[in-house]
Amino acid sequence: MQPDRNDITNHLSSLSIAPSFRHLPETDLQKLTRLVLLDLASKEPVLRLTASRALAIWGRGATISDLETALNSETDETVNAQMKRDLAILSEQQKKNPQ
C-alpha cells in the first residue's frame, strides 16, 4: 500500500518545524525526539532525510548512535550522504558541548 501524498506532506511539515521546539521542557523534548527517531526508519527516503536534518539542526547529541545505526542500513545515496553530514555536525557539537 502506497502512503498518501497528503500524509507525507503533512508529516514533512511537522518534521521541518521540530527543531524550533528546542526550548521545550526536557521531558517533552525527549518525547519529540523519539518521534523524530522513528522517521529514520521510514520507508520514505524524504522522511528519513528530513528526520536526519532535524536532529542535526536540533543538536541532540544523544541521537548520534541512532543516526549511526540508520546510516549503516541506509540504501538511498542522497539520504546516506546527508546522514553522514548530519552525523559530522552532531559529533562536532558533542565535542564542543559534551552532555
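Using R0 = 30 Å, the C-beta based FRET efficiency linking K43 and I64 works out to 0.80.
A simple rule links phi to the HN-Hα coupling: the Karplus curve 6.51 cos²θ - 1.76 cosθ + 1.60 with θ = phi - 60°, which for region 72-82 gives 4, 10, 6, 10, 7, 4, 5, 5, 4, 4, 5 Hz, with x for Gly and Pro. For trypsin sites (Lys or Arg not before Pro), the sites in region 29-60 that DSSP calls loop and that have at most 16 other Cβ atoms within 10 Å are K43.
Each peptide in 63-75, 86-98 gets a packing score, the mean of other Cβ atoms within 10 Å over its residues, and the list from highest to lowest is 63-75, 86-98.
The simple spin-label model puts a point 7 Å past each Cα toward its Cβ; for K84 and L35 those points are separated by 3.2 nm.
Where a number appears in this text, it was derived from the coordinates with a stated rule and is not lab data. On a predicted model such as this, the values are computed, not experimentally measured, just so you know. All Cβ positions, glycine included, derive from the backbone under ideal geometry; neighbour counts span all protein chains shown.
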